[in-house]
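Asks: Handing you this structure, nothing more for now.
The values are calculated or read from the model by the stated rules, or taken from the named source; none is laboratory data. Predicted model only: the values in this text are computed from it and were never measured. In this analysis, Cβ positions are derived from the backbone assuming ideal geometry, glycine residues included, and neighbour counts consider all displayed protein chains. Areas reflect the complete protein model, heavy atoms only, side chains present, ligands, DNA and RNA absent. Shrake-Rupley method; radii C 1.70, N 1.55, O 1.52, S 1.80 Å.
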Amino acid sequence: MSKRSKIIIGIIAIGFIVALLWFGKKNKKNIVAFETETPFKTTIVKKTVATGKVTPLEEIEIKPQITGIIDKIMLTEGSKVKKGDLIATVRVVPNEQSLISAKGRVDNAKIRLNNAQISYKRSKNLFDKGVIARAEYEGVELQYNQSKQDLKNAQNDYQIIKRGSAGSGASANTNIIAQMSGTILEIPVKEGDQVIQSNNFNAGTTIASIADMNKMIFEGKVDESEVGKLVKGADIDVSIGAIEGKKFPAKLNFIAPKGTEEGGAVQFKIKADVSLDDNFFIRAGYSANADIVLIKRDSVLSIKEALLRFNKKTEEPYVEVKTGEDTFEKVTLKLGTSDGVNVEVLEGVTAEDEIKIWNKVSKKDKEKGNN
């Protein structure tokens with residue numbers, strides 16, 4: 001072999017060795033040392049949030065006992081009232097046709113009474129002389145008494161149509177009074193409005209609604225996937241949108257036995273008694289959210305959910321546990337309750353295992369990568 005050939009071969013060998021060293025160094029830089037975390041014990045609470053509003057426990061609507069026109073309103077919305085307080089008065093505006101018909105019935109009753117009175121006087125005179133028997137006299141007397149009662153009934157009907165009530169009790173129907181103590185939430189009518197009484201065909205006009213603002217409840221809805229975990233009597237926290245930074249304790253007292261479909265999902269109504277704070281005034285209809293504890297697990301072995309990976313075929317959760325220097329082993333887990341951040345581990349790892357933190361390299365490797 002010539003000297004020149006040997007030089008060329010030597011140069012090639014040196015270049016090959018340099019290339020191997022360079023690639024080796026490059027690959028060594030690409031080896032990443034992941035940081036690890038160990039499982040820990042914590043309390044995991046799984047909650048759900050029910051959206052709704054706060055409303056008075058006791059609320060009634062005041063309706064008139066007669067048809068007429070609002071003559072005067074004594075109070076305003078927000079006023080405190082006691083049972084029996086006067087809220088408004090109603091002026092009766094009789095129907096002309098009904099009034100004329102009632103007046104006609106009174107006149108007819110008077111005519112029948114006059115005839116019955118004449119017959120009664122004649123029969124009494126004959127009975128006193130012994131001309132007619134007692135049975136015949138008593139029959140005429142009964143007819144006379146019935147005629148007097150018919151006239152009284154017709155006169156009462158006439159007064160009811162004309163004034164709203166018979167006799168001196170007209171104010172009993174024309175005065176609208178509070179049926180309970182509380183706060184007037186709403187007066188949906190104004191002076192001059194026509195109102196009608198409730199009957200079998202109409203609910204009647206609401207003149208005022210009254211509620212006891214010292215007893216409030218939360219009304220909300222929860223999804224069907226969570227309603228089965230609710231327990232009647234459970235403690236919940238109610239947050240009111242209009243009152244920031246304050247949670248009111250409440251106790252769940254009602255879970256609807258039947259759900260309603262809304263937007264393709266079945267929702268169940270719930271109710272809870274709210275404990276009020278004298279430092280805050282809660283208005284009826286405030287929007288609110290209720291934090292409800294579904295499951296609570298005290299001091300259980302847990303890991304962060306960010307450490308989990310899932311098998312693409314079986315969907316089983318797993319983590320990678322450190323077995324040596326920069327080596328990890330895949331371990332399948334059996335999980336329990338999760339709060340969205342931490343998850344309970346039932347089987348798979350112990351408190352001493354070091355679990356790979358995905359996409360988080362050690363500080364030393366970061367410094368190398370920057371160089």
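Asks: Please give me the summed charge of the neighbours of LYS251: other residues whose Cβ is under 12 Å from its Cβ, Lys and Arg +1, Asp and Glu -1.
Replies: Numbers: positive: LYS232, LYS271; negative: ASP235, ASP237, ASP273.
Taking every Cβ under 12 Å from that of LYS251, the sum is -1.
Asks: Can you put TYR286, TYR137 in order of accessible area, largest first, using a 1.4 Å probe?
Replies: On the way: TYR286 55, TYR137 20 Å².
From most accessible down to least: TYR286, TYR137.
Asks: Can you tell me the Rg and Dmax of the stretch 43-158, counting just the alpha carbons, in angstroms?
Replies: Computed over the Cα atoms of the stretch 43-158, radius of gyration and Dmax are 29.9, 107 Å.
Asks: Let me ask something else. Apply the Karplus parameterisation 6.51 cos²θ - 1.76 cosθ + 1.60, with θ equal to phi minus 60°, to every residue of the stretch 175-186 and state each ³J(HN,Hα) to the nearest whole Hz, in sequence, with x for glycine and proline.
Replies: Listing the rounded values in order: 8, 9, 10, 6, 8, 7, 7, x, 10, 6, 7, 7 Hz.
Asks: By per-residue mean of other Cβ atoms within 10 Å, what is the highest-first order of 255-264, 100-109, 45-54?
Replies: Values: 255-264: 10.0, 100-109: 14.8, 45-54: 17.8.
Averaged packing, sorted descending, gives the order 45-54, 100-109, 255-264.
Asks: Further, regarding this structure: Could you order peptides 209-219, 74-84 by the average number of other Cβ atoms within 10 Å of their residues, highest first?
Replies: Numbers: 209-219: 19.4, 74-84: 12.6.
Taking the mean over residues of other Cβ atoms within 10 Å, the ranking is 209-219, 74-84.
Asks: Once phi is turned into θ = phi - 60°, what whole-Hz ³J(HN,Hα) does the Karplus curve with 6.51, -1.76 and 1.60 give for every residue of the stretch 191-204, x standing for Gly and Pro?
Replies: Calculated HN-Hα couplings, in order: 4, x, 6, 8, 10, 10, 7, 6, 8, 5, 10, 8, 6, x Hz.
Asks: Also: Please give the peptides 147-158, 225-236 ranked by average Cβ packing (other Cβ atoms within 10 Å per residue), highest first, as a rough proxy for protection.
Replies: Working: 147-158: 16.9, 225-236: 13.8.
The peptides rank, most packed first, as 147-158, 225-236.
Asks: Moving to a separate point now. Along Cα→Cβ, 7 Å out, is where each label goes; now give me the distance between the ones at ALA234 and GLU347 in nm to one decimal.
Replies: 2.8 nm
Asks: Kindly report the accessible area of the stretch 196-270 per residue (heavy atoms of protein chains, probe 1.4 Å, no ligands, DNA or RNA), in Å². Please report the intermediate quantities before stating the final value.
Replies: Values: 4180 Å² over 75 residues.
Per residue, the stretch 196-270 has 56 Å² of solvent-accessible surface.
Asks: Can you work out the FRET efficiency for the pair GLU77 and ILE357, with r the C-beta to C-beta distance and R0 = 45 Å, to the nearest 0.05?
Replies: Efficiency at R0 = 45 Å is approximately 0.15.
Asks: Per residue of the stretch 63-73, in order, report the coupling 6.51 cos²θ - 1.76 cosθ + 1.60 (Karplus, θ = phi - 60°) as ³J(HN,Hα) in whole Hz, putting x for Gly and Pro.
Replies: After applying 6.51 cos²θ - 1.76 cosθ + 1.60, I find 10, x, 8, 9, 8, x, 10, 5, 8, 7, 10 Hz.
Asks: For the stretch 207-253 and the stretch 38-95, what is the separation of their C-alpha centers, rounded to whole Å?
Replies: Computed from Cα coordinates, the inter-centre distance equals 16 Å.
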